[in-house]
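The values are calculated or read from the model by the stated rules, or taken from the named source; none is laboratory data. Since we're looking at a predicted model, the values are computed, not measured. For neighbour counting, all protein chains shown are included, and Cβ atoms are generated from backbone atoms with ideal geometry for every residue, glycine included.
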Amino acid sequence: MPVVRTPPPAVTGPVLAIDIGGTKLAAALLDADGRVLTDRRTPTRADTASAEEIYASLTQLADDVAGGRPITGVGVGCGGPMEWPAGRVSPLNIPAWLGFPLRERLAEHFPGLPVRLHNDAVCVAAGEHWRGAGRGSRNLLGMVISTGVGGGLVLDGRLVDGESGNAGHIGHVVVEPDGPSCVCGGQGCLEAVARGPAVVRWARDHGWAGPPGASGPELVTDATAGDPVAIAALHRAGRAAGIAIASATALCDLEVVSIGGGLSAAGDLLMAPLLDAVRRYARLPFARGVRVVSAELGQSAGLVGAAALVLAADRYWSADAVTGSSATKPASSSATRSGHSSGSR
Ligand SMILES: [Zn+2]
């Protein structure tokens with residue numbers, strides 16, 4: 001489907017950014033340059049709360065952060081899968097939200113304002129490209145290696161959405177055709193090998209004696225202390241990520257790959273085998289030049305990227321020209337001036 005990009009209206013900020021994860025909900029106000037002015041977090045309570053209770057904490061958090069100040073738009077990152085750009089979300093880590101019409105509900109909560117939503121890993125990639133490790137590059141893959149493995153693609157300076165908003169989903173690139181089964185129903189995907197729980201499981205299967213209930217952070221601690229099985233588990237994950245990056249680089253002629261997410265806290269234990277694999281498998285001269293770097297924005301990457309959907313829409317948002325829904329069109333100038341007052345509903 002051809003995408004017609006129309007020049008967006010100038011945004012002077014501030015913009016409300018929301019980042020929705022299985023553990024916590026985060027909201028921030030960012031100025032027009034993408035600087036975080038204020039931010040807050042609250043537990044998602046994904047295991048105990050109903051869909052409406054989670055949504056109520058989200059809007060409460062958003063209204064608290066907005067603090068009654070006029071805002072010019074709302075950008076949201078949320079875990080997938082989702083119907084994009086309609087924004088009906090079914091995050092794997094928030095089971096109560098099954099087909100939850102998040103974008104529509106937020107558009108009702110913030111009438112007259114543009115509300116734009118993308119996959120959380122796509123937002124991280126947009127954030128790292130706009131204000132993080134990929135600043136100034138034209139072709140970037142932004143990766144998150146955490147409980148899952150996700151990513152987003154920027155090519156020729158613009159975020160690539162793909163047919164359904166899933167372009168850049170490197171977690172389901174196959175790195176071991178005969179490898180472990182994946183949550184997607186496939187086999188040998190990068191995510192099946194390198195996501196935190198898979199790394200921990202492999203370590204357990206190979207004799208790692210971490211404490212009961214231990215997860216990625218404990219494994220990284222033990223690897224740092226020299227535990228050979230923990231080191232081998234991270235090595236295997238890093239190598240798999242490097243193989244996927246080499247393939248992505250060949251396919252997309254990348255300049256930069258940024259790597260963030262919880263497991264990247266392992267540092268060289270993950271990055272050294274990862275870089276070795278990139279060097280080994282990315283052989284063509286153009287692919288050898290790819291720079292693989294750690295993400296810079298840390299926990300705020302998703303918020304900065306969500307804000308970029310509004311603040312730098314010419315590069316990071318293409319959907320409204322396609323959907324044409326009245327709830328999702330950019331705000332008129334009068335709505336932009338009057339903005340949103342918290343507690344007005
Ligand atoms: Zn998969």
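In segment 211-232, the residue that is farthest from Ala272 (Cα to Cα) out of those that are under 26 Å from the mean Cα position of the chain (by Cα) and among the polar types (S, T, N, Q) is Ser215.
The residues in segment 171-194 that are more than 9 Å from the ligand (Cβ to nearest atom), in a loop (DSSP other than H, G, I, E, B) and free of Cβ contacts under 8 Å to residues at least 60 places away in the same chain can be counted, and the count is 4.
Just the residues that are more than 16 Å from the ligand (Cβ to nearest atom) and outside any helix (DSSP H, G or I), please, taken from segment 195-219. Once the filter is applied, which keeps residues that are more than 16 Å from the ligand (Cβ to nearest atom) and outside any helix (DSSP H, G or I), segment 195-219 yields His206, Gly207, Trp208, Ala209, Gly210, Pro211, Pro212, Gly213, Ala214, Ser215.
Conditions (1) under 23 Å from Gly148 (Cβ atoms); (2) part of a loop (DSSP other than H, G, I, E, B); (3) modelled with pLDDT of 95 or more, marked per residue:
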| position | (1), (2), (3) |
| --- | --- |
| Pro85 | yes, yes, yes |
| Asn93 | yes, yes, no |
| Leu113 | no, yes, yes |
| Val122 | yes, no, yes |
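For every residue, the table says whether it meets (1) within 17 Å of the chain's Cα centre (by Cα); (2) assigned to a helix (DSSP H, G or I); (3) buried (at least 23 other Cβ atoms within 10 Å of the Cβ).
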site	(1), (2), (3)
Gly13	no, no, no
Thr38	no, no, no
Thr42	no, no, no
Ala46	no, no, no
Gln60	no, yes, no
Pro70	no, no, no
Gly77	yes, no, yes
Arg105	no, yes, no
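For (1) at pLDDT 75 or above; (2) touching a helix residue (DSSP H, G or I) at 6+ places or on another chain (Cβ under 7 Å); (3) of a type outside the set (Phe, Trp, Tyr); (4) part of a helix (DSSP H, G or I), each residue gets a yes or a no:
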position: Arg283; (1), (2), (3), (4): yes, no, yes, no
position: Val304; (1), (2), (3), (4): yes, yes, yes, yes
position: Leu309; (1), (2), (3), (4): yes, yes, yes, yes
position: Val322; (1), (2), (3), (4): no, no, yes, yes
position: Ser334; (1), (2), (3), (4): no, no, yes, yes
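Tell me the residue from Leu275, Leu219, Leu251, Leu263 that is buried (at least 22 other Cβ atoms within 10 Å of the Cβ) and closer than 21 Å to Gly142 by Cβ, please. Show your work before the answer.
On the way: Leu275 fails: buried (at least 22 other Cβ atoms within 10 Å of the Cβ); Leu219 fails: closer than 21 Å to Gly142 by Cβ; Leu251 fails: buried (at least 22 other Cβ atoms within 10 Å of the Cβ).
Leu263 is the lone residue from the list that is buried (at least 22 other Cβ atoms within 10 Å of the Cβ) and closer than 21 Å to Gly142 by Cβ.
Please verify whether segment 153-170 includes one or more residues that are within 11 Å of the ligand (Cβ to nearest atom) and either surrounded by fewer than 19 Cβ atoms within 10 Å (Cβ to Cβ) or assigned to a loop (DSSP other than H, G, I, E, B) (or both). Yes.
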